[in-house]
Amino acid sequence: MDKAGHNDGSWAITRFFREEVLHPQKIGSNVGVLYGVGVFAGAVYFLDKYGELLIHPDTALFNFQSLMLVVLLTICTCTYLRAQAPSLVDRNKTGFVGLFWKAARIGERLSPYVSIACFVMAFQLIMH
């Protein structure tokens, strides 16, 4: 008999696979995790192999200042659009388009910080 009270003569690793991985109640979620890890690993491999063909090195993704400018302009634009036409932004709160709703919420709730960041970015762009 082992420490956990099992007396079936099996190793801990086989018990683990039988009770946690292959158990009928847990197999569905484990397949979902396996699918997610597989897609992630495939994406990493694909981007490692062919990433230089997809993204030009001079895009905003590789320049922090340009990335911050794009983020700030997105927040400001979405906040302005929501103030002018709330139904346009509020109808899509989930998915990829939901990012614009979230950007509008950030602009509304953190407007002093966003405006300070805009002034800092403008000053930096003028001086650079």
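The values are calculated or read from the model by the stated rules, or taken from the named source; none is laboratory data. Remember, predicted model here, so these are calculated numbers, not experimental data. Quick reminder, even Gly has a Cβ in these numbers, built from the backbone with ideal geometry, and neighbours come from all protein chains shown. Only protein heavy atoms, including side chains, enter the accessible area calculation; ligands, DNA and RNA are left aside. Shrake-Rupley method; radii C 1.70, N 1.55, O 1.52, S 1.80 Å.
A few comments on the model shown:
- 3J(HN,Hα) from dihedral phi, segment 102-117, Karplus parametrisation 6.51/-1.76/1.60, rounded to Hz, x for glycine, proline: 5, 5, 5, 5, 4, x, 6, 7, 10, 4, x, 6, 5, 5, 5, 5
- In nm, spacing of pseudo-spin labels at Arg109 and Ser87 (7 Å Cα→C-beta vector): 2.6 nm
- Placing a pseudo-label 7 Å from each Cα along the Cα-to-Cβ vector at His128 and Trp11 gives an inter-label distance of 5.6 nm.
- Ordering of 95-103, 76-84 by packing [mean C-beta count within 10 Å, highest first]: 76-84, 95-103
- Sequence of His128, His23 when ordered by accessible area, the most exposed leading, probe 1.4 angstrom: His128, His23
- Taking only protein heavy atoms and a 1.4 Å probe, the accessible area of segment 80-125 is 68% carbon and sulfur.
- The order of the peptides 113-124, 28-39, 64-75 by mean Cβ neighbours within 10 Å, most packed first, is 64-75, 113-124, 28-39.
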